[in-house]
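Inspection log for the structure reproduced underneath, given as structure tokens.
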Amino acid sequence: MEIEEKKIKGIFEVFPKVFEDNRGFFLETYNEKRYIQFLNNGSFVQDNFSASNKGVLRGLHFQTPPNSQGKLVQVIAGSVLDVVLDLRKNSTTYGQHLKVILSAQKRNQLWIPEGFAHGFLALEDNTIFSYKCTNYYNPQSEETILWNDRSLNIDWQIKNPIISPKDKEGVLFEDFYSPF
């Protein structure tokens, strides 16, 4: 397994070791002994899958403390433009974002600790997205930063994505007070 810390501290891209032969392939998507080095002793309590067609944008979502979540995300089928936004007010990268292409072909993962908003754009039809969470989903703790807030300058590489009513009503970053 290869681990690459990204330009925003705490974010790691993971490339699991893949064993391929004429039958197909095998890889470990999670092994606590290997992942603990960057998970900060986090344990996972919930796994989620979503299916999206090309052009679906989900985000920028997060949960507030004490229900905040760390997430280990990956794509099972298709590909996404994955975006994380640093909400940690004492961080030198507060308000900055990072983009990573996650794909079934690359088989890469992204570790997103608590204190980040997260979203993704499906780049292919029938994209299956998977994420392991360190805390349970709590609808009263969920918040959304507006995906197209001009002050964040996120190039989603799409003009008219398919988004949910909830995501259309996200808050502007300038109106957001970080609990992290």
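Just to be sure I understand, how many residues within segment 4-27 are of a type outside the set (V, I, T) and under 19 Å from the mean Cα position of the chain (by Cα)?
Adding up the residues that qualify gives 10.
Which of the following residues is under 18 Å from V84 (Cβ atoms) and more than 17 Å from the chain's Cα centre (by Cα): F173, F120, F129?
Working: F120 fails: more than 17 Å from the chain's Cα centre (by Cα); F129 fails: more than 17 Å from the chain's Cα centre (by Cα).
The conditions single out F173.
Does S79 satisfy being in contact with a strand residue (DSSP E or B) (Cβ under 6 Å, 6 or more places away or on another chain), among the hydroxyl-bearing types (S, T, Y), surrounded by fewer than 16 Cβ atoms within 10 Å (Cβ to Cβ) and within 30 Å of L172 (Cβ to Cβ)? Let's see the steps before the verdict.
Details: in contact with a strand residue (DSSP E or B) (Cβ under 6 Å, 6 or more places away or on another chain): yes; among the hydroxyl-bearing types (S, T, Y): yes; surrounded by fewer than 16 Cβ atoms within 10 Å (Cβ to Cβ): no; within 30 Å of L172 (Cβ to Cβ): yes.
The answer is no for S79.
Are any of the residues in segment 10-27 touching a Ser or Thr at 6+ places or on another chain (Cβ under 8 Å) and modelled with pLDDT under 95? If you could, list the steps in order and put the result at the bottom.
In the first step, residues of segment 10-27 are kept if they are touching a Ser or Thr at 6+ places or on another chain (Cβ under 8 Å); the result is 16.
Okay, now just the ones that are also modelled with pLDDT under 95, so 16.
Yes: one or more hits.
Any chance you could count how many residues in segment 41-57 are under 18 Å from P113 (Cα atoms), of a type outside the set (S, T, N, Q) and in contact with a strand residue (DSSP E or B) (Cβ under 7 Å, 6 or more places away or on another chain)? Can you show your working first?
Initially, segment 41-57 is screened for residues under 18 Å from P113 (Cα atoms), giving 41-48.
Within this subset, residues satisfying the condition of being of a type outside the set (S, T, N, Q) are 42, 44-45, 47.
From the residues that got through so far, the ones that are in contact with a strand residue (DSSP E or B) (Cβ under 7 Å, 6 or more places away or on another chain) too are 44-45, 47.
So the count comes out to 3.
Among (1) surrounded by fewer than 16 Cβ atoms within 10 Å (Cβ to Cβ); (2) modelled with pLDDT of 95 or more; (3) in contact with a Pro (Cβ under 8 Å, 6 or more places away or on another chain), where does V56 come up short?
Tallying (1) surrounded by fewer than 16 Cβ atoms within 10 Å (Cβ to Cβ); (2) modelled with pLDDT of 95 or more; (3) in contact with a Pro (Cβ under 8 Å, 6 or more places away or on another chain), V56 fails exactly one: (1).
Give me the pairs, please: first residue somewhere in segment 121-142 and at positive phi, second residue anywhere and loosely packed, with under 13 Cβ neighbours inside 10 Å and not in a strand (DSSP E or B), beta-carbon distance under 8 Å, and either six or more positions apart or on two chains.
Correct list of pairs: N126/N53.
Please state which of the following conditions L57 fails to meet, knowing it meets all the rest: (1) assigned to a strand (DSSP E or B); (2) in contact with a Ser or Thr (Cβ under 7 Å, 6 or more places away or on another chain).
In the conditions (1) assigned to a strand (DSSP E or B); (2) in contact with a Ser or Thr (Cβ under 7 Å, 6 or more places away or on another chain), L57 misses (2) alone.
If you go through segment 93-120 one residue at a time, how many are touching a residue at least 24 places away in the same chain (Cβ under 8 Å) and more than 17 Å from Q69 (Cα to Cα)? Lay out the reasoning, then the answer.
Start the filter on segment 93-120 by keeping residues that are touching a residue at least 24 places away in the same chain (Cβ under 8 Å), which leaves 93-100, 102-120.
Subset that is more than 17 Å from Q69 (Cα to Cα): 93-100, 102-108.
Result for segment 93-120: 15.
Taking the residues in segment 72-93 that are of a type outside the set (D, E, K, R) and in a loop (DSSP other than H, G, I, E, B) as candidates, determine which candidate is farthest from A104 (Cα to Cα). Talk me through it step by step, then tell me what you get.
Within segment 72-93, the subset of a type outside the set (D, E, K, R) is 72-81, 83-85, 87, 90-93.
Next, from what is left, pick out any that are in a loop (DSSP other than H, G, I, E, B): 78, 87, 90-93.
Numbers: G78: 6, L87: 28, N90: 35, S91: 32, T92: 32, T93: 29 Å.
Going through the qualifying residues, I end up with N90.
The values are calculated or read from the model by the stated rules, or taken from the named source; none is laboratory data. Predicted model, so just to flag it, every value in this text is computed and none were measured. Please note: Cβ atoms are built from the backbone with ideal geometry, for glycine as well, and neighbour counts cover all protein chains shown.
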